[in-house]
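To start, the structure itself, in structure tokens.
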Amino acid sequence: MVEPMLAVRDVEAGYNPSLPILHGISLDVFEGEIVTVLGPNGAGKSTLIKAIAGLLSISRGSVTIGGRDITGVETHQLIRERVAYVPQTENVFAKLSVEENLALGALHNPDQFAEQRRRVLDLFPDLERLGHLAAGKLSGGQRQMVAVGRALMADPTLLMLDEPSAGLSPKLAQVVFSQLIRVKQVGVTILMVEQNARAALKISDRGYVLAEGQEKVQGDARSLLDNPEVGELYLGANSRLARS
Ligand SMILES: Nc1ncnc2c1ncn2[C@@H]1O[C@H](COP(=O)(O)OP(=O)(O)OP(=O)(O)O)[C@@H](O)[C@H]1O
Ligand SMILES: [Mg+2]
């Protein structure tokens, strides 16, 4: 049997120990997959990704990566386990140039800087042209590319993203999603949280739908797109997700 790369087991977590937001969430991500966590506002999606990323304390359950327990391991230590996390907002250093942002992504692996930089620029050639500009001056889509590029500089095997398409036009969201397909193609496994359910599921292998801190539905992306219950109950849509 293939073991999951990331295994989240029965996780309870929140911002206050007496008030858990996640009530026993379990989730698997297998090597080579894109897995998306969906759900309405306040469902606990960001809380889940933050708990995995070591930003919140986990009061019950466990998180393992490659079979190693990383429950409670702090964010800056996670890159040793080759896990990178891109938050939804403030995910670039606005005053620093694109090149400086990329350089910061390789702080813990300076020996690999040149090689990683080449790899990231091959993946996102636009970053080369934008290299000298302050990240804060870029468009939303370009900034997202810098954030993903910076995360990839650390050479992760698992990339976690919180709403990579938030605030972008549908067209730019599409650009970000096609970039994530390329990231997957170079061998990086992806776990993301998204509101943009239809577009995210179209590039995903599997998905989980959360509501009120619990998993409501899970399955392969196609089955979730076709599942009217998912569209109606959890995603604010009133028809099948696959339709438009
Ligand atoms: N910093 C915080 N302190 C206390 N409670 C919080 C904090 N951030 C979020 N919450 C609460 O946790 C619950 C889940 O929020 P979370 O941000 O995980 O939802 P989400 O699914 O990511 O929603 P959205 O789609 O709006 O981003 C909500 O009830 C929210 O009010
Ligand atoms: Mg969120």
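The values are calculated or read from the model by the stated rules, or taken from the named source; none is laboratory data. Note that this is a predicted model, so its numbers are computed, not measured. Positions of Cβ are generated from backbone atoms using ideal geometry, with glycine treated the same way; all protein chains shown enter the neighbour counts.
A few remarks follow.
Let's see how each residue does on (1) in contact (Cβ under 8 Å) with a residue 40 or more places away in the chain; (2) more than 16 Å from ligand 1 (Cβ to nearest atom):
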position	(1), (2)
L152	yes, yes
G167	no, no
V176	no, yes
K184	yes, yes
G187	yes, yes
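- In the stretch 8-35, residue farthest from ligand 1 (Cβ to nearest atom) [restricted to those that are modelled with pLDDT of 95 or more, of a type in the set (A, V, I, L, M) and more than 15 Å from the chain's Cα centre (by Cα)]: V11
- Where helices (runs of 4 or more DSSP H) sit wholly within the stretch 36-153, those with at least 1 residues that are among the small types (G, A, S), closer than 27 Å to G207 by Cβ and more than 14 Å from the chain's Cα centre (by Cα) occupy 140-153.
- Strands (runs of 3 or more DSSP E) completely within the stretch 185-233 that count 2 or more residues being modelled with pLDDT of 95 or more and buried (at least 20 other Cβ atoms within 10 Å of the Cβ): 189-193, 206-211
- Qualifying residue in the stretch 53-63 (condition: over 30 Å from S18 (Cα atoms) and away from ligand 2 (no atom under 16 Å from the Cβ)): no
- The stretch 80-126: number of residues that are away from ligand 2 (no atom under 16 Å from the Cβ) and within 29 Å of G66 (Cβ to Cβ): 30
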